[in-house]
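Scroll down for the structure; my scribbles are underneath it.
Values quoted throughout were computed directly from the atomic coordinates according to the rules given, and no laboratory measurement underlies them. These numbers were taken from a predicted model, which means no experiment stands behind them. Cβ: placed from backbone, ideal geometry, glycine included. Neighbour counts: every protein chain shown.
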Amino acid sequence: MKEYLDPAALKSAARVHLFGNYGVTVRAYIWMNAILLILSWLFASMNIKGAGSLISVYIFYVVRILLAGVFTSGMAFIFLNIASGNPVYPGMIFYGFRNHTDRAVLVCIVISLGELISCIPLIICARRYLNDRDPIYIIPLVLSILVAAAGYLFVHAYFMPAYFVIHDFPDYSFVEAVKLCPRIMRGSILRAIYLNLSFIPMMFLAIISLGAGAPWTESYRYASFCEMYLDIMKKGK
């Protein structure tokens, strides 16, 4: 039986590789979110009204999610290079726009659909509660929140390797890359979920710091999942 690194060991390895590279990952994360924020501000400033306003909101929301997916591909490329000891720079965040863009977009669509499906019970329960204000919907609402949270964690654990795979196996098609994810994650889903949950205290600190700590927290989290991916691949999953 293969002995994989536990979450504490993965985070330790991430810290070692991030030493001296935090400046790059933090700037890359800030650039990514600054661009997405500016695009959101520009869209809001357009002040679209009338029948097309709701449609335009949905279109922009989808485009923003897909752009975030391509940026995430760039982040995955940065962390793979950091873990391999290769030189990195913040501009690598745009790597996904020049390489494997189609696969990054399709991976993002699959993950987003998984998140959406897990949120369907929450959307239904929330709508009923907001419309009727009946206390009878409170328990179903709470349960649907738990289902959505569990679904989110499972989807992200299941497809955790996807963005790494499209760079590690550039000749793979989108279908081949996605099919490889369950093979990689077999027996490691719960470990990935636990690793994700272990960052909740740091995420809380990032929130109460009004987002100031988010670039460091997310860099640490990305790096830890990269270490998990490499640990599985090195041990011949």
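Results, tabulated for the structure shown:
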item: Of the DSSP H helices in the chain, those whose Cα atoms cover at least 20 Å axially and whose Kyte score averages 1.6 or more; result: 52-83, 138-158
item: Rule-of-thumb Rg ratio for the chain [Cα; 2.2 N^0.38 Å; N residues]; result: 1.09
item: All-pairs alpha carbon distance profile, segment 1-127, 5 Å steps from 0, percent; result: 2, 9, 14, 15, 16, 17, 12, 7, 5, 2, 1, 0, 0
item: Most mobile of Ile117, Ile82, Ile59 in a GNM of the chain (Cα contacts under 10 Å); result: Ile59
item: Alpha-carbon Debye profile of segment 191-237, log10 I(q)/I(0) at 0.22, 0.30 Å⁻¹; result: -0.74, -1.04
item: Pairwise label distance in nanometres, Phe169 with Arg133, each label 7 Å out on the Cα-Cβ vector; result: 5.5 nm
item: Potential lengthening between Met233 and Lys179 on full extension [0.36 nm per residue; Cα-Cα distance subtracted]; result: 17.9 nm
item: Sequence-separation-based contact order of the chain, relative, with Cα cut under 8 Å and 6+ spacing, percent; result: 29 percent
item: Length released on extending from Asp102 to Arg15, taking residue separation times 0.36 nm less the Cα-Cα span; result: 28.2 nm
item: From the C-alpha gyration tensor of segment 151-237, square roots of 5λ in Å; result: 26, 14, 11
item: Extension gain (nm, one decimal) between Ile208 and Ile59, 0.36 nm per residue minus Cα-Cα; result: 50.5 nm
item: Peptides ranked, highest mean first, by Cβ atoms within 10 Å: ranges 64-70, 132-138, 154-160; result: 154-160, 64-70, 132-138
